[in-house]
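S.K.: Mind having a look at this structure? Questions to follow.
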Amino acid sequence: YFYCSKRGLKKMATNIVYEVMTSDVVTISKDMGLNVAIEKLARNNISSLIVTENNIPLGIITERDITRIASDTKDIDKINISVVMSLNPVTIYRNADIVTALEKMERHNIRRLIVIDKHGRLNGIITFSDIIKKLEENFFKVHTTIDTVMTENILKIHHDASLKKAIDIMAQEKKSCLLVMSDEDSHDSKALIGIITERDIVKLLYKEVPLFTPVRDICT
């Protein structure tokens, strides 16, 4: 959620996408294997890869895609990027304003846009986090408290459950994280052992951690 005054929106409209975007984008060819994508995501500590051909964006593959595929497939090393990438990625012109970028993210229910030039070539990527980090705080006028906007029904998993179980839950529920809980009362802060995220899943797959490993041994 973000709240912005009319004055803030007017100021934001003067900020252009190319001023905020990340130009150093990690790309991958559609002919590569999924194991290469996992390695690139893990090594670069990033959430997505842009699939390109002759510098034209063809698709995108994200941490969530990796989690979903790992849940459905036993041997992910034999999968090709072209089979699992998300086609027709949502793009935005580099000279568009930030308000347009935010509206496009909201309309498509996504948190990142691929930035292109007038020839459709890849110029960068812009995420919701990029916008929040780089715009001045006085654009955002928050008139609420954390407890009114926080998500209460966060998914939980028992600490004895396996990595595979965690992957399956996250894939089925399309959630980015799970809270790892002990046998204590779930309302007791002592019950919370840690958290496991989509980014953790990618790194664990890259390290070839056995899927039967208890989440208590690998969570943050």
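S.K.: So which of Lys175/Lys203; Lys104/Lys165; Lys165/Lys190 end up more than 29 Å apart, counting from Cα to Cα?
M.R.: Checking Cα-Cα distances, Lys104/Lys165 exceed 29 Å.
S.K.: Check Ile92: other-chain or 5+ apart residues with amide H under 5 Å from its amide H, H built from backbone geometry?
M.R.: Under 5 Å from the amide H of Ile92: Ile114, Val115, Ile116.
S.K.: Turning to a different aspect of this structure: Tell me, which longest segment in the chain has none of the chymotrypsin sites (Phe, Trp or Tyr not before Pro) that fall in DSSP loops with at most 15 further Cβ atoms within 10 Å?
M.R.: Longest stretch, sites excluded: 4-211.
S.K.: Separate question: Under 20 Å from the Cα of Lys174, which aspartates and glutamates turn up, not counting those fewer than eight places away in the same chain?
M.R.: Output for Lys174: Glu63, Asp65, Asp72, Glu106, Glu152, Glu198, Asp200.
S.K.: Where the accessible area of the chain is counted over protein heavy atoms with a 1.4 Å probe, how much of it, in %, is carbon and sulfur?
M.R.: So the carbon and sulfur contribution to the accessible surface is 48 percent.
S.K.: Based on DSSP, what percent of beta bridges with both residues in the chain are antiparallel, to the nearest 5?
M.R.: 75 percent
S.K.: On to the next question. Build a GNM of the chain with springs between Cα atoms under 10 Å: which of Ile116, Ile132, Ile28 gets the top mean-square fluctuation?
M.R.: Fluctuation is largest for Ile132.
S.K.: Return the label of the correct value of Cα extents along the principal axes in Å, as calculated from the structure shown, out of (i) 80, 37, 37; (ii) 52, 48, 24; (iii) 55, 49, 42.
M.R.: Working out Cα extents along the principal axes in Å from the coordinates points to (ii).
S.K.: In addition: Which of rounded, prolate, oblate describes the stretch 37-161, given a ≥ b ≥ c as roots of the alpha-carbon gyration tensor eigenvalues and a/c under 1.5 marking rounded, otherwise prolate only if a/b is larger than b/c?
M.R.: Oblate.
S.K.: Turning to a different aspect of this structure: Rounded to the nearest whole Å², what accessible area per residue is found for the chain with the 1.4 Å probe?
M.R.: Each residue of the chain exposes 59 Å² on average to a 1.4 Å probe.
S.K.: On to the next question. Distance between the C-alpha centers of the stretch 191-220 and the stretch 45-101? Whole Å please.
M.R.: Going from one Cα centre to the other spans 23 Å.
The values are calculated or read from the model by the stated rules, or taken from the named source; none is laboratory data. Computed from a predicted structure; not experimentally measured. Neighbour counts run over all protein chains shown; Cβ positions are idealised from the backbone, glycine included. Just the protein is used for accessible areas: all its heavy atoms, side chains included, with ligands, DNA and RNA removed. Shrake-Rupley method; radii C 1.70, N 1.55, O 1.52, S 1.80 Å.
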